Every structure is written in structure tokens, then in C-alpha cells.
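The values are calculated or read from the model by the stated rules, or taken from the named source; none is laboratory data. Keep in mind the model is a prediction, meaning the values are calculated, not measured. Cβ placement follows ideal geometry from the backbone for every residue including glycine, while neighbour counts extend to all protein chains displayed.
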Amino acid sequence: MFKKEIPLKYNKQYYKTIEKDYEKTAESISKIRWSFVESLNPKIVLDYGAGACFMSKYAPKGVIIDSFDIGDFPIKYTGIRHKYYDLVFLFDVLEHIPDFRVLNDIFEKAKYVCVSLPILPKGRKLRKWKHFKYKTGEHLHYFTKRSLDLFFEARGFKRIKSGFPECPPRFDIWSVIYKKE
């Protein structure tokens, strides 16, 4: 029923590979993401789950970015330094967080939140979907568009923009901007 999957390890080698092999793709996706939030005119941004810090690397001039990740990697993260953020990025991270309560303080500090994550297409079976990572434990949560909206509505946010700006190259990845009500 399940194809054999090798558990993914987010370690130093993983990040060296990401930095080396995916630089051009990361640059392209970062520019798409910055374009997606451009109308918000953010000045202070938190990249929560920053990974290899590509959003910082390709940020528009004048934008202050705090980068935070839970990993122990060869990357120096700035941490969560500000009391308020115009915008919080949750790119490719929400589906990995075991306990969402770790985000409560972050949501209190945010005016806008921009999320990018896999959304199961209508008619597609979860267990046959390429983003179904049950065996590896990589994706702990799966969302539909509606369940993601409910997740943010419960935390005081309303969807103001959404779409699939990263497709291609990243199919089934939905991006959404939520505003604190």
C-alpha cells in the first residue's frame, strides 16, 4: 500500500545540498514569494522555519528580516528579535510543526501571515499523493483550503489573498496571505 520511504534528516548535509543544488530554484521561488506579498509593503518580517535563509538572501532592499529555525544547522539565524512583525512567513513549515501552540506568541506579534504549503487537490487520494509523507514523519499535518482557513480564523486571521504562484515549478503548493482581524 505504501511505497518504501527513507526518513528525511534535516541535518548539516541536507542544508549543504539545498544550498548547492537548489540555489537557482530557491532564487526563483523567493522572487515569486516576495512578489506575492509586495502589496503589503512589509518593513519588518519574520521568516519562521527559515531553513537555508533564502527569503533573507533575496529580500528587497530596506526590509528587515528575522530568521528562525529549530534546526541545528551550519546557518546562523537571527532569532525572533522584534515585538511586532508586519509579516510572518510560514513557508513549507506549518505541516512539519508537531504542536501549533508554539506559534501562539508569533501570531500575537503579526499583522499578516503568509503561508505556503501542499494542498491536496480535489479528487486526489491522500495516500497516493506525492506530499503524503506518513512513513517518514516529515509531514505531520495535511490541510485543505477550508481547513487552513479555519486554522487561521480560530487564531483571529482572515484570508485576503491566495493562489498557486509557485506552480510551476512546485505543483500542489498553495500560498495564502492572512490578515489579523
Task: Options Asp172, Asp149; residue that is over 25 Å from Tyr85 (Cα atoms) and in contact with a Lys or Arg (Cβ under 9 Å, 6 or more places away or on another chain) - done: Asp172
Task: Looking only at segment 38-62, and only at residues there that are under 17 Å from Lys179 (Cα atoms) and more than 12 Å from the chain's Cα centre (by Cα), the one that is surrounded by the most Cβ atoms within 10 Å (Cβ to Cβ) - done: Val45
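Rundown of residues vs (1) among the basic types (Lys, Arg); (2) within 24 Å of Val37 (Cβ to Cβ), yes/no style:
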position	(1), (2)
Tyr112	no, yes
Pro118	no, yes
Lys122	yes, no
Leu126	no, no
Lys130	yes, no
Thr144	no, yes
TODO: Read through the list (1) in contact with a helix residue (DSSP H, G or I) (Cβ under 8 Å, 6 or more places away or on another chain); (2) loosely packed, with under 13 Cβ neighbours inside 10 Å, then give the number of the only condition that Pro98 fails.
DONE: (1)
Task: Those residues of segment 1-43 which are assigned to a loop (DSSP other than H, G, I, E, B), modelled with pLDDT of 70 or more and out of contact with any Phe, Trp or Tyr (no Cβ under 8 Å at 6 or more places or on another chain), in sequence order - done: Tyr22, Asn41, Lys43
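Which of the residues spanning segment 140-153 are part of a loop (DSSP other than H, G, I, E, B) and either over 15 Å from the mean Cα position of the chain (by Cα) or closer than 17 Å to Ser175 by Cα (or both)?
Scanning segment 140-153 gives His141, Tyr142, Thr144.
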- [ ] State all residues of segment 105-139 that are free of Cβ contacts under 8 Å to residues at least 12 places away in the same chain, assigned to a helix (DSSP H, G or I) and either surrounded by 12 or more Cβ atoms within 10 Å (Cβ to Cβ) or of a type in the set (S, T, N, Q) (or both); if no residue qualifies, say none.
- [x] Glu108
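This table checks each residue for (1) of a type in the set (A, V, I, L, M, F, W, C); (2) at pLDDT 95 or above; (3) over 12 Å from the mean Cα position of the chain (by Cα); (4) under 19 Å from Ser56 (Cβ atoms).
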| position | (1), (2), (3), (4) |
| --- | --- |
| Ile70 | yes, no, yes, yes |
| Phe73 | yes, no, yes, yes |
| Lys76 | no, no, yes, yes |
| Ile80 | yes, yes, yes, yes |
| Asp86 | no, yes, yes, yes |
| Phe91 | yes, yes, no, yes |
| Ile106 | yes, yes, yes, yes |
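Only one residue in Asp86, Asp92, Asp149 is closer than 24 Å to Pro42 by Cα and in contact with a Pro (Cβ under 7 Å, 6 or more places away or on another chain). Which one?
After applying the criteria, what remains is Asp86.
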Task: Residue tally, condition touching a residue at least 12 places away in the same chain (Cβ under 8 Å) and under 21 Å from Tyr84 (Cα atoms), over segment 152-169 - done: 7
Task: Hits in segment 61-85 (condition: part of a loop (DSSP other than H, G, I, E, B) and either in contact with a helix residue (DSSP H, G or I) (Cβ under 6 Å, 6 or more places away or on another chain) or over 25 Å from Thr25 (Cβ atoms) (or both)) - done: Gly62, Phe73, Pro74, Gly79, Ile80, Arg81, His82, Lys83, Tyr84
TODO: Would you check which residues across segment 38-71 are over 16 Å from Asp92 (Cβ atoms) and charged (D, E, K, R) and list them?
DONE: Glu38, Lys43, Lys61, Asp66
